[in-house]
Amino acid sequence: MSDFQFKDQIICITGAAGGIGYGLAQMFIAAGARVAISDRNAPHETAKSLNDKARGDKARAYACDVSDEDSVIAFIEAVRRDFGPIDIYCSNAGVGYGDGPGGYACGGSNKSWDVSWGVNVMGSVYAGRALFPTWRERGSGRFVITASAAGLLNQTSSASYSVTKHAAVGLAEAMAINHREDGIGVHCICPQYVRSNMTKGQDFAEQSKDGLLEPSDVANALAAAIKNEDFLVLSHPIVLEYYRSKGHDYNRWVSGMAKLKAKIAIFKMPLI
């Protein structure tokens, strides 16, 4: 998106060791921003890769466990100290676990549900809690949540993923509704399958009829959404059609998803 620039803006991206987070960092740097990338372990090699490609000091790595509020606050405070006021925060970190053992919709372990809730939902709550008061005072700021098409639709064989991604979409909606008048922009990324560690080795993702996109495709979709002030970021436009069909005839949609579940192998998310 060379026609839209983020010159001198300070961008935070969680879950940025690879995948969508790395794609977002590349896009923002190419458009003139400086990025603070984080993961549970500070992704120094990722920052080096980004700086080598940019031929400059554009990225810095931080450690952040987004499920821990103190860790999120420490990350934000470190970025403010090192770079200055934060312009955009991309709450991108995410996890997914299968419905095992047993394959029941509520069959995942308590730990898998707790971790999913902590990372996929509370990580954004903690960051918003730390950022919104300052953004409200200055009348600007932008919060991006990476949810999933599963947050609008569903994901077979991973109830914890679907439920927490639905919650992530709901949180993004609440942010957008409550803070539009404060000058704060909010965007919710809802892609289908994107090449990342989460989809690595997943035959269903590789063979998806709607396509396995690259992280750069998602990044470009976000840049376009920011330019147009669109709330939903749909790198797979077909998701909107599915979402409309779901709302138009819920019974038919549930029946269709059940048939899809019967056709595919169990989604091989890790079990904890």
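The values are calculated or read from the model by the stated rules, or taken from the named source; none is laboratory data. Please read all numbers here as calculations on a predicted model, not as lab measurements. Calculation scope for accessible area: heavy atoms of the full protein, side chains included, ligands and nucleic acids excluded. Shrake-Rupley method; radii C 1.70, N 1.55, O 1.52, S 1.80 Å.
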_Quick check for you: with a 1.4 Å probe and neighbouring chains kept, what is the accessible area per residue of the stretch 1-141, in Å²?_
46 Å²
*At 1.4 Å probe size, with no ligands or nucleic acids counted, give the accessible surface of residue 229 in Å², nearest ten.*
110 Å²
*When the chain is modelled as a GNM with alpha-carbon springs shorter than 10 Å, which of 23, 103, 32 fluctuates the most?*
103
*Relative to the longest principal axis of the C-alpha atoms of the chain, give the angle of the C-alpha long axis of helix 69-82, reported between 0 and 90° and rounded to the nearest 10°.*
30 degrees
*Would you mind computing the Rg to Rh ratio of the chain from its alpha-carbon coordinates, Kirkwood style for Rh?*
0.96
*By how many degrees, 0 to 90 and rounded to 10, does the Cα axis of helix 215-228 deviate from the longest principal axis of the chain?*
70 degrees
*Helix-derived [θ] at 222 nm for the chain: sum -39500 (n - 2.57) over DSSP H runs of at least 4, divide by residue count, nearest 500?*
-14500 deg cm²/dmol
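By DSSP, what percent of the beta bridges with both residues in the chain are antiparallel, rounded to the nearest 5? Don't jump to the answer; show the numbers that get you there.
Details: 0 of 25 bridges.
Within the chain, antiparallel bridges account for around 0 percent of the total.
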*What percentage of the solvent-accessible surface of the chain, computed with a 1.4 Å probe over protein heavy atoms, is contributed by carbon and sulfur atoms?*
51 percent
*State, as an integer percentage, the relative contact order of the chain based on alpha-carbon contacts under 8 Å between residues 6 or more apart.*
19 percent
